[in-house]
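Read through the structure below, which is laid out as structure tokens, and then see the notes.
Values quoted throughout were computed directly from the atomic coordinates according to the rules given, and no laboratory measurement underlies them. Please read these numbers as outputs of a predicted model, since none were measured by experiment. Cβ sites come from the backbone with ideal geometry, for glycine too, and all protein chains shown count toward neighbours.
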Amino acid sequence: MFRNAVIFKWTLYLFAALLCLVVQSFAQRLTLLGVIPFLYPLLAVIPATMDSPGFGGAFAVLTGVFCDLLLPESLPCFYTLSFPVSAMIASFLSRELLPAGLLCSYAVSAIAFAVNGFFHCFLFWTWGDVSPWMPGLSLTLREFFVTVPLMSPLMTLLFRLVADRTRYEEMHKGMG
């Protein structure tokens, strides 16, 4: 019975992630402040606030692998490394400082964008770019402000519904 609950949980999270990917594909056509909305960091961290650290980390790794395979211009394994770091911070934050919810989602979204921006800037700096920090900060902030205000509440609601539904299934797995 537990195996069925785990399969059900991963299936619901997969469908929620696919819905977010469909939204991202439509968002590719929007350009605000010179950037397009970038939902993938949110997809890595918001589920990590609502579930166990192990599940959140595994989901972030899979999201990172998917993004590394999907985004042709990304650096090899970039998201596979940065998303789990963001998810672990998000999981800690939701367990110790802020309960999972909208405020927590805004905080972990900011962390996810900051981690990704820092990783990008650090890599460009190590490759010889003498000043990637200000352009990188500008890009990160623009992506954050274009993506997070609208999408973080919607993704929080979506993943809250999935997390609540799967917790209910796990609590009642031995009954009936």
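Counting only Cα atoms, the chain measures 63, 32, 30 Å along its principal axes, largest extent leading. In this simple spin-label approximation, residue 19 and residue 131 carry label points 7 Å from Cα along the Cα→Cβ vector, and these lie 4.6 nm apart.
Ellipticity at 222 nm from helices only: DSSP H runs of n ≥ 4 in the chain, each -39500 (n - 2.57), divided by the residue count, give -27500 deg cm²/dmol. Compute the signed sum of charges (Lys and Arg +1, Asp and Glu -1) over the other residues within less than 12 Å, Cβ to Cβ, of residue 38. Its environment carries a net charge of 0. Sorting 143-156, 105-118, 35-48 by their mean Cβ neighbour count within 10 Å, with the most densely packed peptide first, gives 35-48, 105-118, 143-156.
In this Cβ point-charge picture (+1 for Lys and Arg, -1 for Asp and Glu), the chain has a dipole of about 400 debye about its Cα centre.
Assuming R0 = 35 Å, can you tell me the calculated FRET efficiency for the pair residue 8 and residue 70, based on Cβ-Cβ distance, to the nearest 0.05? Working shown, then result.
Working: r = 26 Å, r/R0 = 0.73.
It comes out at approximately 0.85.
Below 8 Å, C-alpha to C-alpha, sequence gap of six or more: please give me the relative contact order for the chain in percent.
Values: 214 pairs, mean separation 50.1, N = 176.
Taking the mean separation of contacting Cα pairs over the length of the chain, I get 28 percent.
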